[in-house]
Amino acid sequence: MAFFARYLSNNMKIPFFIISLPLLLAACQAEQANNQSSAVAQDKPVTAAPAERKTIVFFGNSLTAAYNLSPEQGFPALIQRKIDSLQLPFRCVNAGLSGETTADGANRINWVLQQPVDIFALELGGNDALRGLPLDASKKNLQDIIGKVRAKYPACKIVIAGMEAPPNLGDRYTKDFRAMYPSLAKANNAALIPFLLQGVGGEPHLNLSDGIHPNVEGQKIVAENVWRVLKTVL
């Protein structure tokens, strides 16, 4: 292309000199090919396009939302730091909402599913237990949430965070509540975090003054509980 520019400049006195479009295109292509050959000859590095990041959605209540802490101190943000340190192509979305029950989650899930979801981490049920809500309804709501996720994104991987009910609700309720999560995981071929608050629940120095929500140090342990299972599905 540079050759033709010089040629025109040197021959402006020729009134009827016309260069056809096909000839110009051929010249451009030849120059581009020469440039590419030159780059190859000089062993210039080729920069690969960055890998497209997949989305992990953490869908839960105040435990996910990092109640009374900054979002950066919650376990979803801590998981993101771990992922970034390992240079894995995933981004974490914190879809936690304080006070949410399984019924609330079933009503909200369609809004969350407006974005692409590759891995869905479900953390709900704790508020149902605190209120002593019927377990049949809680299990149905959780199954409805999983069903809507799979209907919208069939290839999405599911991770279920298990919870424990307070002992004052009775042995039967406590045992059935605990068993609800493995049952859902098995029925939906999902990965299971046996107990989200393992090592944190009931430990005053790892919780806020309410004795329910993890503090900064507690969230770090929760993040390890989650990561131990999440890393197996990435």
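Things worth noting here:
- Counting the residues of region 79-128 that are β-branched (Val, Ile, Thr) and within 16 Å of Lys139 (Cα to Cα) gives 3.
- Single residue of Gln198, Gln115 found to be out of contact with any strand residue (DSSP E or B) (no Cβ under 8 Å at 6 or more places or on another chain) and of a type in the set (S, T, N, Q): Gln198
- Consider region 128-177 and keep the residues that are free of Cβ contacts under 8 Å to residues at least 24 places away in the same chain and of a type in the set (Asp, Glu). The one that is nearest to Trp111 (Cα to Cα) is Asp136.
- Pairs are defined by a Cβ separation below 6 Å, a sequence spacing of at least 6 or placement on different chains, a first member in region 95-109 that is of a type in the set (Ser, Thr, Tyr), and a second member that is at pLDDT 95 or above and part of a loop (DSSP other than H, G, I, E, B); the pairs so defined are Ser98/Tyr67; Thr102/Leu124; Thr102/Gly125.
- Taking the listed residues Pro50, Pro89, Pro76, the one that is within 25 Å of Ala155 (Cα to Cα) and modelled with pLDDT under 95 is Pro50, with no other qualifying.
- Flag for Ile212 being closer than 24 Å to Glu224 by Cα and at pLDDT 95 or above: yes
- Checked against (1) within 27 Å of Pro71 (Cβ to Cβ); (2) touching a residue at least 40 places away in the same chain (Cβ under 8 Å); (3) not acidic (Asp, Glu), Met180 meets all criteria but (1).
- The residues in region 85-129 that are assigned to a helix (DSSP H, G or I) and touching a Pro at 6+ places or on another chain (Cβ under 7 Å) can be counted, and the count is 1.
- So Asn188, is it surrounded by 14 or more Cβ atoms within 10 Å (Cβ to Cβ) and either in the same structural domain as Ala121 (by TED's automatic domain parsing) or over 16 Å from Leu122 (Cβ atoms) (or both): yes
- Condition check for Phe120: out of contact with any Cys (no Cβ under 7 Å at 6 or more places or on another chain), among the aromatic types (Phe, Trp, Tyr) and either in contact (Cβ under 8 Å) with a residue 40 or more places away in the chain or over 19 Å from Leu196 (Cβ atoms) (or both): no
- Annotation: of all residues in region 65-84 being in a loop (DSSP other than H, G, I, E, B) and among the small types (Gly, Ala, Ser), the one that is farthest from His213 (Cα to Cα) is Ser70.
The values are calculated or read from the model by the stated rules, or taken from the named source; none is laboratory data. All of these numbers come straight from a predicted model, not from anything done at the bench. Cβ coordinates were reconstructed from backbone atoms using ideal geometry, including for glycine residues, and neighbour counts include every protein chain displayed.
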